[in-house]
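S.K.: The structure's right below; bear with me while I get my questions together.
The values are calculated or read from the model by the stated rules, or taken from the named source; none is laboratory data. No experiment lies behind these values; they were computed from the predicted model shown. All Cβ positions, glycine included, derive from the backbone under ideal geometry; neighbour counts span all protein chains shown.
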Amino acid sequence: MSHQTPNRARVIPLRPSAERPDTAPAVPVPAVAPGTAPRPTPREPLLRDLVGDVLRRERQAQERTLKDVADEARISMPYLSEVERGRKEASSEVLAAAAQALGLSLADLLSRAQGELVRHAGRRSVRSRATTASAYDGLCLAA
C-alpha cells in the first residue's frame with residue numbers, strides 16, 4: 001500500500017505573515033512601559049526642506065517678493081514657492097539661479113543648508129545620548 005500525499009502547491013511568502021505564530025516580526029519592537037505610548041523617532045530633515053527654508057529666510061530678510069525673485073531667477077513663481085516649501089526637489093541649475101537672484105552663490109546656499117543640517121543632527125544626537133546607553137562611553141578624539 002502506498003501513501004499518497006495531497007497535491008498542494010508550496011507557497012513561499014515574501015513577507016512573514018503577522019498571524020503566523022512561528023514567524024518573528026521583521027523589525028524588532030522596542031519594549032514600552034505599560035500605560036505609555038512609544039516615542040516616535042525624530043525624522044531626519046530632507047535636503048529640499050533645508051534648502052527651501054534657507055531660500056525663504058534670505059528672500060524675506062531682503063524684504064523681496066516671491067514674484068520679484070522668481071522673475072530675476074527666470075523661474076516660475078509657483079515653482080519657486082514649491083521649492084521654498086520643500087515640495088519640489090529642484091535641480092542644481094534652478095537652485096543656482098534662485099541663489100544668484102538673492103545675491104548668493106550656490107556654495108553659500110548649500111553651506112547654509114548644511115549648517116541647518118548640522119544643527120538638526122546635533123539636537124538628535126543630544127536626545128539619543130540622553131535616552132540610550134552607548135557601549136562606547138569613552139573619550140573620542142578627532143583630528
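S.K.: Find the residue count for region 58-76, including only residues that are in a helix (DSSP H, G or I) and either over 13 Å from Ala98 (Cβ atoms) or more than 25 Å from the chain's Cα centre (by Cα) (or both). Full working, then the answer.
M.R.: Within region 58-76, the subset in a helix (DSSP H, G or I) is 58-61, 66-73.
Now narrow it down to the ones that are either over 13 Å from Ala98 (Cβ atoms) or more than 25 Å from the chain's Cα centre (by Cα) (or both): 60-61, 66-73.
Counting residues in region 58-76 that are in a helix (DSSP H, G or I) and either over 13 Å from Ala98 (Cβ atoms) or more than 25 Å from the chain's Cα centre (by Cα) (or both) gives 10.
S.K.: Ok, one more. For region 63-73, enumerate the residues that are touching a helix residue (DSSP H, G or I) at 6+ places or on another chain (Cβ under 6 Å) and surrounded by fewer than 18 Cβ atoms within 10 Å (Cβ to Cβ).
M.R.: Residues of region 63-73 touching a helix residue (DSSP H, G or I) at 6+ places or on another chain (Cβ under 6 Å): 66-67, 69-70, 72-73.
Scanning region 63-73 gives Leu66, Lys67, Glu72.
S.K.: When region 91-117 is examined, which residues are found to be of a type in the set (Gly, Ala, Ser), over 15 Å from Arg64 (Cβ atoms) and buried (at least 19 other Cβ atoms within 10 Å of the Cβ)?
M.R.: Ala113
S.K.: If you go through region 81-105 one residue at a time, how many are touching a residue at least 24 places away in the same chain (Cβ under 8 Å), assigned to a helix (DSSP H, G or I) and of a type in the set (A, V, I, L, M)?
M.R.: So the count comes out to 6.
S.K.: Check region 47-55 and report whether any residue there is assigned to a loop (DSSP other than H, G, I, E, B) and at pLDDT 95 or above.
M.R.: Scanning region 47-55, I find no residue that is assigned to a loop (DSSP other than H, G, I, E, B) and at pLDDT 95 or above, so the answer is no.
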